[in-house]
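I have placed the structure first, in the form of structure tokens, so that the comments after it can refer back to it.
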Amino acid sequence: MALVTSNEASSSSFTHQPKNFDVFLSFRGEDTRLGFTGHLYNALRQHGIHTFIDDNLPRGERISTQLLKTIESSTISIIVFSENYASSSWCLDELAKIIECKKNNQLVRPVFYKVDPSEVRNQKGKFGEALAKHEEKFKDDKKVQKWREALHEAASISGWHYNNSCTEFKFIQGIIEEISNSKLNRMPLFVAKYPVGINSRIEAIKLLLNIESNDVRIVGMYGPGGIGKTTIAKAIYNNFFDNFEGSSFVENVKDKSGTFDGIIELQETLLFDILGDRHLKVGNISRGTNVIIERLCCKRILLILDDVDKADQIERLIGKCDWFASRSRIIITTRDKHLLATLGKAHSIYEVEVTKLDDHEALELFSLHAFHRNKPEEDYSKLTNQVICYAKGLPLALVIIGADLCGRSEMEWESALDKYKRILDKDIQKILQISYEGLDENERDIFLDIACFFQGCNKNYVVDISNACNCYPVIGIQKLIDKCLVTIDQFNTLWMHDLLQQMGREIVRQESPKNPGERSRLWCYKDALDILTQNTSCGRLEYLPNGLRLLDWPGFPSSSLPSDFCPTQLVALKMSGSRIEKPFMQIFPCQSLTYVNFGDCEFIRKLPDLSMTPNVKELDLRSCKNLVEVHDSIGGLDKLEVLNLANCKKLRILPSCIMMKSLTTFILSDCSSLKKFPNISQEMKSIQDLALDGTSICELPPSFGNLIGLKSLRLGNHLGVVHIPGSIYKLQHLERLVVKGDVIFSKDVEINRQPLCNSYEGFSKFFSELFINDSNVVTLPESISRCKRLKSLSIENCNELQEIPRLPQSVTNIEALDCDSLDSSSLRKLFLQFGEILGLPPNIPCLSVGSNMLMGPQSSDRISHEAKPFFSEYEFNVPGNEIPNWFNHQSVRNFVSFWIGPKFPTIALCLAFGKEDACCHFYYQVEITVNGRKRLFERTHNRGMRSDHLSFSCRPQNSLQKQFQDLNLVHVECICPPPPLHISGIFHDSYEGIQPDGSNFSLDQPDLGIDSSNGDGFDSGSSQLAHPSVNDDSDFNLYPLWKKLGTILMKICQICQV
């Protein structure tokens, strides 16, 4: 394994620093200690206001450092100006410090006890006399001038004036009421019992707020219910409210805005929070909005509006958002992303999505609630993994379920988990359902359809079906996305959180808990079959509703559909793996039919005339092993976009001519009996993907060049050489070429035992991906270095390949798997090129393991700035078992650790796989742990390999920094662990660490070997070496691979930029 590094910034922790005292009292002891100030102090204490009074401090000429710190750590300072206050230099030093703290947003309030405020402000009377004496005594004009300025500023602050117009008791009660309000408004908020993951999520928001900037900024936080928006907003409030002249956290805006009285209450709460006046009433909503604008427009404020769902809620509270004082900050949390687009452009507006917890954060949060510690008890680890998988990072679910299971037995856990999978917890349901209840009827229908039927489906497919149901899906789905109920990935696939899906299905179940037949939707096969067959004597299907829009029945058991089934509004017919023989008999003609899937239907022999179904977009008959003929009418379907006939082994007859205007994808892979490709009668601009690999087609027609829109072409077979016509050079948009076996291009261009000719450049310059499989090619031409767009080169099972020339700088992915004849010179060139990409010096083959290497500045230009979490930016997979010498952290186990500086580097990784038996697949994932916090570095599947292989990969600094932005980087551990039990797909529960298919062995062995070097400013740590390290000046270090299936060599390299 190997890591290469270059540095950037670290992130900091966000925790509120509480004040030591609520109030600091500054007073002249001989005037008021035993009277007014003593009574004020006792009253403050009785009301729970933590107050500092300097009863027993030793007096001297200079105020103590400790007292200055006490002033700084107080929330409010009260200055009691009395007749002899200015005669004390100690009091005046206190006053100067208090005014200094005022500039840092400390609240300062003066009390004028039996003195006139103007005398204090203008230094008249006793105050003027005292300062004149100070000038004579200290001979320090600057010091006394500082006192004069402090007196003038303090006396200009609104405060309390006592002149015997009422009793001292009543006067003090008025002070207590105002201080109580001020203290309440400057108290931090309770965030959460266990605020796991908070720091990492407010980092991005901190950057957007940019507290030091002079502009007004509005930050919108959006995300689904239960994701933690309110919790994060409270943490942000606690961290920053002291930096503003006023602050307010307005909670539950949506709920409280339901009535006029509720809106007025919100307005008055906002005014009280910032102004501290409980008696200020606004009367009505319109007046309240204007009062807020007029009274707050000159104050630098922090305002958080929590849980807003309509634009008018914002407007009634703060108008048009165009009046705020400079350096104010407004944060809005919402479940509706679109709401933020309605705020206008008066100020800088930023959006940030609140994301779910990762697996490690989820495990910690759940464990704290379930076990009162940050990891699960050993006996509950598997059950805990089930909860983590179920909750999918939703904090709400983790907290509720953790508290519910706390202290319960394993049997109770198992029973509860079974129940959760069937019926959503009522408290989770209640919170999640709030978003659903905010939808209109049309949007609710679309949401429930997706929850019940269309999770993981292509958006266009869902739109077509929903249109047939008059649901207006284009705007409806977008609104679901805006409200964070649905997401769309890069493949245009619709997804929703599993708990939202369960919530939707629970809503449908509640329509009739005991009788599925009375529910609006059926998604369970057993429920649907019971209802369709409940009135038949033999339990067989005799009826289907003719009003169906979607019929999705994989494995349909009958040879035909019911005789009276004549759907006229059917949009999608999906019956893969069925026993049906003539599925189109009852269906056609059907103008609305758009999607057809009869894949794996072994009894279908002929695709009939479909000219009466002109709106079909997708036709899937893959793996219909007895399909022989496709009717000519298919070639003229103008709306057809996807035609998939892959693996139809007996297919021999296609339409004689293809002229489908909309066709984008045509798949004929592994149709081994197919010998002739149809004529292309006219130019086809829409076609993008054509797969002819594994067919018996050995010659393509001259009209092949009419496929002018083609971007991806797969061709070739094991039977003989495929001849390509010269018209292929018209394919100017071709980006991906997959060649299987030997292919001869016209104009003497071929891939065989001879080098590719330079004329190959006629269209190779357009490639970004080139795949050559199972070919007898011996060498690639030098001209490939001029393919400036080439990004990926994959050569597999080319046993006679001996040489790969230098590749263009654009290449980021290279695979040369099972190319056993590839010489060491070519491998050396690839290693050098990998080093160049990382910015290593050109003499790296001569560097020893112990050498200190720094990353060159050119690396930042070559490594992409686009972060791709969990996927490497650069990947090389080549034959061999010799790792380059410049990987300086080594281990023959699955674990290595080292130290780095405060900034995260770019990391390169190298793993060596060794084996001696049959072809083997490897699945592995690598995790990085920084200061005990674990993140996924890479997850990879290496396809079948028959020999030793090296795997190189690289993750850029910005990708890793994004993952670890909440951590101050010190100690790093890199491990290939057993994949988490809940990871699906290729990472099955039985896999441990890095392992081949079919075997189960753990790499968690006790010995560790590390050989590391120290770069400038970086400590790579130390370790007791369990294996001898190799430290020589040769190009490569050769470790003997363990003679057992699936053995592994890992080395790690850290190269850091100063």
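The values are calculated or read from the model by the stated rules, or taken from the named source; none is laboratory data. Please read these numbers as outputs of a predicted model, since none were measured by experiment. Heads up, the Cβs are rebuilt from the backbone with ideal geometry, glycines too, and the neighbour counts pull from every protein chain shown. Protein only, heavy atoms only, side chains kept; ligands, DNA and RNA dropped before computing areas. Shrake-Rupley method; radii C 1.70, N 1.55, O 1.52, S 1.80 Å.
F14 is checked against (1) among the aromatic types (F, W, Y); (2) at pLDDT 90 or above; (3) open to solvent by 10 Å² or more (accessible area, probe 1.4 Å) and fails just one. What number does that condition carry?
Result: F14 passes all but (2).
Please tell me if A204 is part of a loop (DSSP other than H, G, I, E, B) and either among the hydrophobic types (A, V, I, L, M, F, W, C) or touching a helix residue (DSSP H, G or I) at 6+ places or on another chain (Cβ under 8 Å) (or both).
So A204 fails the test.
Is it true that some residue in region 309-317 is surrounded by 14 or more Cβ atoms within 10 Å (Cβ to Cβ) and not in a helix (DSSP H, G or I)?
Of the residues in region 309-317, the ones surrounded by 14 or more Cβ atoms within 10 Å (Cβ to Cβ) are 309-311, 313-317.
Filter once more, keeping what is not in a helix (DSSP H, G or I): 309-310.
Yes: one or more hits.
Quick test of your reading of the structure: T533 fulfils all but one of (1) of a type in the set (S, T, N, Q); (2) on the phi < 0 side of the Ramachandran plot; (3) in contact with a helix residue (DSSP H, G or I) (Cβ under 7 Å, 6 or more places away or on another chain). Name the failing condition by number.
That leaves (3) as the condition not met.
Given the criterion surrounded by fewer than 16 Cβ atoms within 10 Å (Cβ to Cβ), more than 44 Å from the chain's Cα centre (by Cα) and modelled with pLDDT of 85 or more, identify the matching residue among S559, S563.
On the way: S563 fails: modelled with pLDDT of 85 or more.
Going through S559, S563 in turn, the sole match is S559.
Restricting the search to region 802-839, which residues are buried (at least 17 other Cβ atoms within 10 Å of the Cβ) and part of a loop (DSSP other than H, G, I, E, B)?
Within region 802-839, I804, L807, V811, T812, D818, C819, L822, L838, G839 qualify.
Which one of these does D255 not meet: (1) acidic (D, E); (2) within 30 Å of N20 (Cβ to Cβ); (3) under 34 Å from the mean Cα position of the chain (by Cα); (4) assigned to a helix (DSSP H, G or I)?
(2)
Is at least one residue of region 509-516 exposed (fewer than 13 other Cβ atoms within 10 Å of the Cβ) and in contact (Cβ under 8 Å) with a residue 24 or more places away in the chain?
Scanning region 509-516 turns up no residue that is exposed (fewer than 13 other Cβ atoms within 10 Å of the Cβ) and in contact (Cβ under 8 Å) with a residue 24 or more places away in the chain.
Of all residues in region 675-695 being touching a Cys at 6+ places or on another chain (Cβ under 8 Å) and part of a loop (DSSP other than H, G, I, E, B), which is nearest to D632 (Cα to Cα)?
Of everything passing the filter in region 675-695, P678 is nearest to D632 (Cα to Cα).
Considering only region 220-235, I want to know if a residue exists there that is open to solvent by 50 Å² or more (accessible area, probe 1.4 Å), in contact (Cβ under 8 Å) with a residue 12 or more places away in the chain and part of a helix (DSSP H, G or I).
no
Select from region 134-149 the residues that are within 18 Å of I98 (Cβ to Cβ) and of a type in the set (D, E, K, R) and list them in ascending order.
Within region 134-149, K143, K146, R148, E149 qualify.
Based on this model, can you work out whether S466 counts as small (G, A, S) and farther than 30 Å from G547 by Cα?
So S466 fails the test.
Right, E581: open to solvent by 50 Å² or more (accessible area, probe 1.4 Å) and touching a strand residue (DSSP E or B) at 6+ places or on another chain (Cβ under 9 Å) or not?
no
Results for (1) surrounded by 13 or more Cβ atoms within 10 Å (Cβ to Cβ); (2) modelled with pLDDT of 90 or more; (3) of a type outside the set (D, E), shown as yes or no for each residue.
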{"position": "E268", "(1), (2), (3)": "yes, yes, no"}
{"position": "L275", "(1), (2), (3)": "yes, no, yes"}
{"position": "R278", "(1), (2), (3)": "yes, no, yes"}
{"position": "N284", "(1), (2), (3)": "no, yes, yes"}
{"position": "R287", "(1), (2), (3)": "yes, yes, yes"}
{"position": "I293", "(1), (2), (3)": "yes, yes, yes"}
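Only residues that are open to solvent by less than 40 Å² (accessible area, probe 1.4 Å) and under 12 Å from F704 (Cβ atoms): list them for region 667-685, please.
Those that are open to solvent by less than 40 Å² (accessible area, probe 1.4 Å) and under 12 Å from F704 (Cβ atoms): F677, P678, I680, M684.
Which of the residues belonging to region 446-503 are buried (at least 20 other Cβ atoms within 10 Å of the Cβ) and either among the small types (G, A, S) or free of Cβ contacts under 8 Å to residues at least 12 places away in the same chain (or both)?
Correct list: A451, S466, G476.
Which of the residues that make up region 792-801 are surrounded by 16 or more Cβ atoms within 10 Å (Cβ to Cβ) and not polar (S, T, N, Q)?
Answer for region 792-801, where residues must be surrounded by 16 or more Cβ atoms within 10 Å (Cβ to Cβ) and not polar (S, T, N, Q): L793, I795, E796, C798, L801.
On the given criteria, is L570 in contact with a strand residue (DSSP E or B) (Cβ under 7 Å, 6 or more places away or on another chain) and farther than 30 Å from R652 by Cα?
Judged against the criteria, L570 is a match.
Out of the residues in region 365-393 meeting the condition of being in contact (Cβ under 8 Å) with a residue 60 or more places away in the chain and open to solvent by 50 Å² or more (accessible area, probe 1.4 Å), tell me which one is farthest from I423 (Cα to Cα).
K382
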